[in-house]
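Asker: The structure follows.
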Amino acid sequence: MRSDEVTKPNEEACDVLVVGGGPAGSTIATLLAREGRKVVLLEKDHHPRFHIGESLLPGNVALFDQLGVRDQVEKIGMPKFGIEFVPPDLDYCSYVDFAEGWDPSMASAWQVRRSELDELLFRHAASQGAQALEGAKVTDVAFDDAGVRVEAKLESGEARHWRARFVVDASGRDTLLANKFKCKEKNKDHNSTALFGHFHGARRLQGKREGNISICWFEHGWFWFIPLADGTTSVGAVCWAYYLKARDKPLKDYFFDTIALCPELHDRLKDATLVDDKVHATGNFSYSSTHATGDRYLMVGDAYTFIDPMFSSGVFLAMQSAFDGAQLVATALDRPQALAAARAALEKRMRVGPRDYSWFIYRVTNPTIRDMFMHPNNRFKVKQGLMSLLAADIHHGPAYRMSLVMFKLIYYVVSVANWRRTYAGWKRHRFNIREMGPLRGETIMKAD
């Protein structure tokens with residue numbers, strides 16, 4: 001039964017209603033609208049809006065090509081060819097290039113202002129036929145035999161209602177449906193926090209490496225250093241919750257004290273100024289949902305899961321889940337008899353990326369992993385596997401999968417051989433992820 005056959009007088013009918021106008025929501029709205037479906041895309045804020053998470057991966061490039069926006073992204077982006085790792089206890093840095101992965105053509109991506117990228121993708125969805133509405137906060141989603149009833153409140157206070165055949169939750173960290181179904185699970189193995197801001201005048205790498213992201217370890221976590229095309233640089237400290245909880249001074253002063261704990265980063269910022277004099281903070285931001293799909297709904301991007309942003313995987317995972325999810329929605333609407341199999345396949349596929357990245361993220365402060373990152377070699381093709389992961393070539397095939405297995409095997413062998421160091425690292429990690437109370441001055445960091 002079509003939704004317009006049961007629509008009440010105050011309801012508007014559509015095939016698909018998408019909640020959230022970030023990369024995931026705008027992408028899936030574009031793909032479904034192109035198929036001739038009636039798609040409504042609701043965003044609670046207005047673009048441009050501030051978001052953190054500026055670093056893209058080579059895996060995004062093919063997705064931008066398929067959407068038809070690559071040229072637009074390139075105009076706002078800073079070219080990025082690889083990653084710099086800055087250790088806390090060595091006098092040199094390690095540099096790796098995306099082209100060293102299994103697919104050398106996946107050699108570059110961009111650093112972008114998320115406010116610009118998100119608006120670009122949202123406007124593109126509207127140009128492709130989606131009814132894109134800003135300032136519309138979804139307040140209720142109700143499922144019945146006829147489909148889905150969605151209620152949203154506009155900034156004017158007006159309530160709007162839609163009757164949809166299918167709903168896509170791309171609400172980001174609002175996790176609309178995961179909260180409704182109580183299927184959101186906090187990640188207890190990675191209890192981290194973040195401080196971040198933007199700077200003018202930071203000293204960057206030279207030449208081709210100028211746009212590369214730098215990952216700088218320090219005693220309480222790690223920093224990101226992301227150069228943007230307009231000359232500003234995004235800098236953030238992802239640290240264990242206990243560290244931010246111990247703050248005893250204004251957030252800005254604490255942030256600069258934290259930067260001072262990393263001498264190389266401190267030197268790069270010694271002549272820089274903080275944009276708008278603003279520093280932001282967020283609490284624990286790692287979680288996942290027990291499932292991503294239902295008979296008439298789908299969760300994509302951060303509405304489904306969010307992991308530590310160390311490897312800049314957020315936008316890629318969001319957009320890839322939207323591409324995969326668009327096929328599921330089409331199956332649900334056109335071939336419902338095949339939906340069960342399609343759901344099972346998608347549930348499995350959507351766990352691949354978060355699982356692969358998380359294994360490294362949980363161990364990235366471990367001395368063994370640090371050594372392997374600082375002294376990369378290609379024995380058993382492990383470097384190719386690592387660079388494919390960092391480039392978001394996560395569905396490359398058996399060769400990629402085997403190289404990751406060999407990387408992990410080497411890690412475990414080295415860990416056993418250095419068991420005292422491994423045990424000390426394990427104890428330190430358990431101490432670092434202990435549960436902490438709410439943070440003062442907390443704001444939400446969004447990556448979708």
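Asker: Does at least one position in region 310-317 carry a residue that is under 21 Å from the mean Cα position of the chain (by Cα) and farther than 30 Å from LYS252 by Cβ?
Answerer: yes
Asker: Quick one: count up the residues across region 356-368 that are assigned to a helix (DSSP H, G or I) and under 22 Å from the mean Cα position of the chain (by Cα).
Answerer: So the count comes out to 8.
Asker: Further, regarding this structure: Only one residue in ARG363, ARG296, ARG335, ARG355 is without any contact (Cβ under 8 Å) to a residue 60 or more places away in the chain and crowded, with 16+ Cβ neighbours inside 10 Å, so which one is that?
Answerer: ARG363
Asker: Where residues in region 305-322 are assigned to a helix (DSSP H, G or I) and of a type in the set (A, V, I, L, M), which of them is surrounded by the fewest Cβ atoms within 10 Å (Cβ to Cβ)?
Answerer: My answer is MET310.
Asker: Identify, from the list ASP276, ASP302, the residue that is at pLDDT 95 or above and either surrounded by 21 or more Cβ atoms within 10 Å (Cβ to Cβ) or not in a loop (DSSP other than H, G, I, E, B) (or both).
Answerer: ASP302
Asker: Another question, then. Is it fair to say SER289 is on the phi > 0 side of the Ramachandran plot and in contact with a strand residue (DSSP E or B) (Cβ under 8 Å, 6 or more places away or on another chain)?
Answerer: For SER289, the condition - on the phi > 0 side of the Ramachandran plot and in contact with a strand residue (DSSP E or B) (Cβ under 8 Å, 6 or more places away or on another chain) - is not met.
Asker: Limited to region 78-115, what total is found for residues that are buried (at least 22 other Cβ atoms within 10 Å of the Cβ) and over 21 Å from LEU386 (Cα atoms)?
Answerer: Final tally of qualifying residues: 3.
Asker: Is it the case, given these coordinates, that LEU177 is modelled with pLDDT of 95 or more, within 20 Å of MET319 (Cβ to Cβ) and not basic (Lys, Arg)?
Answerer: When the stated conditions are applied, LEU177 passes them.
Asker: Is it fair to say LYS80 is touching a helix residue (DSSP H, G or I) at 6+ places or on another chain (Cβ under 8 Å), of a type in the set (D, E, K, R) and closer than 21 Å to THR232 by Cβ?
Answerer: yes
Asker: Hey, another quick one. For GLY36, which of the numbered conditions (1) touching a helix residue (DSSP H, G or I) at 6+ places or on another chain (Cβ under 9 Å); (2) modelled with pLDDT of 95 or more; (3) outside any strand (DSSP E or B) fails to hold?
Answerer: For GLY36, the failing item is (1).
Asker: OK, next. Hey, can you tell me all the residues within region 152-186 that are free of Cβ contacts under 8 Å to residues at least 60 places away in the same chain and either assigned to a strand (DSSP E or B) or under 23 Å from HIS46 (Cβ atoms) (or both)?
Answerer: Of everything in region 152-186, those that are free of Cβ contacts under 8 Å to residues at least 60 places away in the same chain and either assigned to a strand (DSSP E or B) or under 23 Å from HIS46 (Cβ atoms) (or both) turn out to be LYS153, LEU154, GLU155, SER156, GLY157, GLU158, ALA159.
The values are calculated or read from the model by the stated rules, or taken from the named source; none is laboratory data. Remember, it's a predicted structure, so these values are computed and weren't measured experimentally. All Cβ positions, glycine included, derive from the backbone under ideal geometry; neighbour counts span all protein chains shown.
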